Amino acid sequence: MTARWTVAVPLLALIPLALTWGTDPAPAVVVVVGLFLAGSVLAAVHHAEVVAHRVGEPLGSLVLAVAVTVIEVALIVTLMVSGGSETATLARDTVFAAVMITCNGIVGISLLLGALRRRVATFNAEGAGTALATVSTLATLCLVLPTFTTSRPGPEFSTAQLTFAAISSLVLYGSFVFVQTIRHRDYFLPVGSHSDEEHAAPPANRAALISLGLLLVALVDVVGLAKTESKPIEDAVESAGFPHSAVGVVIALLVLLPETLAAVRAARRDRVQTSLNLAFGSAIASIGLTIPAIALATIWLDGPLILGLGSKETVLLAITIVVGALTVVPGRATLQEGVVHLVLFGAFLFLAASP
């Protein structure tokens, strides 16, 4: 049954969201907004699990990944429209941060928890390998190639190149969803799970639909309140002497909190495959939906769109892909693989703060 607070918090959070949108709130208000943000994150995880229990895997993890990404894309476009030329790298920075958070942070903590529980975390190599291959291709096409193309000066795509990247992203995303949910659904189902929740009766259709609606409301709250918190976060980052790009990392961490918590809870229940579905699925959705949306938005947006990564970020992406492949190919992972991914995630955070 849905707890009362998981219904009340997302709805009540709309009030501070409406009152603080586009304003510079006082410190006391920032604290209140932060509390509602945390409550909305927890509520989003709860409702995502209700929906996931009703529709089953892997559709359940797909719901949360797509919902978060769609709202995240809307936030990026909104910021780009109002931010002018200063937001030329916003899409690149956000997508790259999402890839690092999901493929190293979420994967690392999920494998670590799974290995601590069972000594060896087990999952479907076919499903995880398919997802990682899709992430790698999308990231290379959209974030690496712009650095090396010559049609435009700097790390930018020409109009034709951007159109090709956008269409390719949609094709890859659409085909992955088809494979994950229809063609090879069994590749993405949890392995060796015996949790009590798995045998519990699924919620009724009405309860699942209510949770789906509240999930969308909670995700709107998370992204909107994260935007409200972005100015105080920016001030704190600048006061600490960190580069401005670190602001995007902090906001990406806030926006991806629902998926992170859902993945952690799944791993603690011996459902590492569900955690990997959330991690890789979020990365695929982040690139596969963001790039086409930004490409469409460039029709009315002024200024350059810088997508190409720098050398430091390219190295981090390359080693993430290599380590990820070595992790998923056996279909089993030990404590060490989890630690390796978390160290890579730590390196990303450290270099974002100290480039």
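A short reminder: the numbers here are calculations on the coordinates, not readings from a lab. Computed from a predicted structure; not experimentally measured. Virtual Cβ from ideal backbone geometry, glycine too; neighbours counted across all protein chains shown.
Using only C-alpha atoms and all pairs of different ones, pull out the Kirkwood radius for segment 193-335 in Å with one decimal.
On the way: mean 1/r = 0.0531 Å⁻¹.
Result for segment 193-335, one decimal place: 18.8 Å.
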Kirkwood Rh in Å, taken over the chain so that all alpha-carbon pairs contribute | 20.5 Å
Each residue of segment 104-110 in turn: what ³J(HN,Hα) in whole Hz from Karplus with 6.51, -1.76, 1.60 and θ = phi - 60°, glycine and Pro shown as x?
-> 10, x, 5, 4, x, 5, 5
Relative compactness, segment 125-249, computed as alpha-carbon Rg over 2.2 N^0.38 Å = 1.52
Charge context of Gly248, other residues only, Cβ under 11 angstrom, K/R +1, D/E -1 = -1
Contour minus Cα-Cα distance for Asp24 and Thr150 (0.36 nm per residue) | 41.2 nm
In order through segment 182-189: 3J(HN,Hα) via Karplus (6.51 cos²θ - 1.76 cosθ + 1.60), integer Hz, x for Gly, Pro = 10, 5, 10, 4, 5, 5, 10, 8
Mind checking which of Gly331, Gly114, Gly213 has the largest fluctuation in a GNM of the chain, springs on alpha carbons under 10 Å?
-> Gly213
So Val322 and Ala204, fully extended at 0.36 nm per residue minus their Cα-Cα distance, gain in nm 38.2 nm
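Please arrange Tyr173, Tyr187 by counting, for each residue, the other beta carbons lying within 10 Å of its beta carbon, fewest first.
So the ranking, lowest neighbour count to highest, is Tyr187, Tyr173.
Dipole size in debye (nearest 20) for segment 4-353 around its Cα centre, Lys and Arg Cβ +1, Asp and Glu Cβ -1?
Dipole about the Cα centre, nearest 20: 780 debye.
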Relative contact order for segment 4-353 using alpha-carbon pairs under 8 Å, separation at least 6, rounded to a whole percent?
-> 40 percent
Beyond 13 Å, what percent of the Cα pairs of segment 310-355 remain?
-> 58 percent
